[in-house]
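For reference, the structure discussed in these notes is given below.
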Amino acid sequence: LSIAFGKLGAAIGLIVTGLALFTAGIKDAFENGVNWKNIISILAGATASVIGLYLALGKVGAGIGLVVTGITMLITGFRDVMENGANLQNTLLIIAGIVSTGLGITLLTGNLLPALVAGILAVIYAFVAWQGNAEELAKNLKLILSGIINFLLGTFTGDWERAWKGLKDVFRGIIN
């Protein structure tokens, strides 16, 4: 019993420490832009918390941790691209977010396809950033996401004009 409590305590310690590092890195990235210091904090924190979640809850805990940290990295990276322009740091953060999310979904579903898709998307994003089109991609993703939100809100509230505008924004963002 003492061994089990010892392992659980270590897992909880990793989770708490990891989340503190991750949160501090994300906060710093939002306030000061993505830089090497906060990338290291974000990645170290995500790794520690996911390992702790794996030790405490197994594959499901690790999968959820990977998805949540991955989506957070994606949001932070794309926000930084829109605020400060594309650079190596936010490109790497976005790629890490894509890979983390794909691996998390793979752990949760037991299917390798999400990891494969994430790998392909990471390569595509790296190519887009290398070609100098990351900012345009971020603007179009924002247009697509806001279009989805407007479509859903318009549909649920019966505001068909808003729903139609949202649908047009989604397609405009995809075409762009």
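The values are calculated or read from the model by the stated rules, or taken from the named source; none is laboratory data. Treat the numbers as computed from the prediction; the structure is a model and nothing was measured. We place every Cβ from the backbone using ideal geometry, glycine too, and count neighbours over all the protein chains shown. These area figures cover heavy atoms from the full protein model, side chains too; ligands, DNA and RNA do not enter into them. Shrake-Rupley method; radii C 1.70, N 1.55, O 1.52, S 1.80 Å.
Summarising the label geometry, the points placed 7 Å from Cα in the beta-carbon direction at ALA10 and VAL117 lie 3.6 nm from one another. GNM remark for the chain: springs join alpha carbons under 10 Å apart, and the peak mean-square fluctuation among THR23, THR157, THR91 falls on THR157. Across the stretch 41-69, the residues whose backbone nitrogen lies under 20 Å from the label position 7 Å along the beta-carbon direction of THR109 are 59-69.
Each residue was assigned an accessible area with a 1.4 Å probe, and for VAL81 the value is about 0 Å².
When the chain is treated as a GNM with alpha-carbon contacts under 10 Å, the residue of ASP80, ASP159, ASP28 showing the greatest mean-square fluctuation is ASP159. Note: the stretch 67-115, Cα convex hull, 53 Å³ per residue.
Tell me the per residue accessible area of the stretch 49-176 using a 1.4 Å probe; a whole number in Å² is fine. Write down the numbers at each step before the final one.
Working: 7390 Å² over 128 residues.
Computed with neighbouring chains in place, this is 58 Å² per residue.
Give, as a single signed number, the net charge of other residues whose beta carbon lies under 12 Å from the beta carbon of ASN90, with Lys and Arg counted +1 and Asp and Glu -1.
Details: positive: ARG79; negative: ASP80, GLU83, GLU135.
Counting the neighbours of ASN90, the net charge comes to -2.
Using a simple spin-label model with pseudo-atoms 7 Å out from Cα toward Cβ, ALA126 and LYS168 lie 3.9 nm apart. Rounded, prolate or oblate: which fits the stretch 1-129, taking a ≥ b ≥ c as square roots of the Cα gyration tensor eigenvalues, rounded meaning a/c under 1.5, else prolate when a/b beats b/c? Because a/c hits 1.5 or more and a/b fails to exceed b/c, the stretch 1-129 counts as oblate.
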